[in-house]
Structures are given as C-alpha cells and as structure tokens.
Amino acid sequence: MRAKFINESTYNIFKPKSEDEIFKNLKELSIEEKNKILINAAANGRKDIVELLVKAGADVNAKDKHERSALMISVWNDRKDIIKLLLNAGADVNVQDKNKWNVFMFTKHKDKDVVELLKRYGAKE
C-alpha cells in the first residue's frame, strides 16, 4: 500500500527495494525533490525516509510553501524521534515561517520534553 504523501514517481523510488537501492535512487534526485520528500516524510512520521534523505544530501532547513521547515512540522506532530534526527543533522532551531512563528509556537500544549530538547539545541522562545 502506498503512503498517502507520495506521488507515482516518488513511489517508484521507495517501492520494495533494498535500502542501498533506495539510497542510490535518492542520491540521483535534485535537491528540490529531496527537500519536498523530506518535508512530507517528516509530516508523516517516516523517520526511516527522513534518515535516508538526510544521508542523501537533503537540506534539513528546506521549507514548504508556507515556509515551514521539516523541524517545525515534526514539532507540530510530536515526532520526537524525527525532531532529534533533524537537530542532530543541523536543523535550525530558531527558524521562522512566513508568519514569523518559531518552533515553540508549534509545540502542542508546550510538551516539556520537546521544549527542553529544543532549548538544549539553542532555541530561543
């Protein structure tokens, strides 16, 4: 079954193959394609795909059409494993979207663990 966030060409990259084959396919994508898939994978909790994309050279600070980064989207969706992965890969913790919202504005109910993690990486409220 295909994930709802991918189109036919993206599906062909990930359809049942070895991790090495998937990585090779990802390396061949343009940076724009990698970044788009990264943001969608982060939004859908696909840590495995986020990890492969980071290794393949996706920009961890890339933004969607609303200027939201994968980190912001991961914070909004309480994806702690992806948040940690992105932070360790150098994601900007002080990024803002087009409305000047920072990552703290994306924390639901001010999740203490997420807030502390963001602060450890230098985020400013």
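Here are the numbers:
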item: Shape call, segment 19-88: gyration tensor on alpha carbons, a/c limit 1.5; result: oblate
item: Two-site label geometry, HIS109 and ASP78: point separation in nm, points 7 Å out along Cα→Cβ; result: 0.6 nm
item: Positive-end extreme of charge dipole, the chain - chosen from ALA91, LEU53, VAL115 (charges on Cβ); result: VAL115
item: Listed residue pairs exceeding 31 Å between alpha carbons, taken from LYS27/LYS63; LYS27/LYS112; LYS24/LYS100; result: LYS27/LYS112; LYS24/LYS100
item: Shape metrics for the chain, restricted to C-alpha atoms - Rg then Dmax, Å; result: 14.4, 43
item: Low-density loop positions, trypsin sites (Lys or Arg not before Pro), segment 38-125 - DSSP coil, at most 12 other Cβ in 10 Å; result: LYS65, LYS98, LYS100, LYS124
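Each reported figure results from applying straightforward, stated rules to the coordinates on display, with no laboratory input. Because the structure is a prediction, the values reported are computed rather than measured. So basically every Cβ, Gly included, is an ideal-geometry build from the backbone, and we count neighbours across all protein chains shown.
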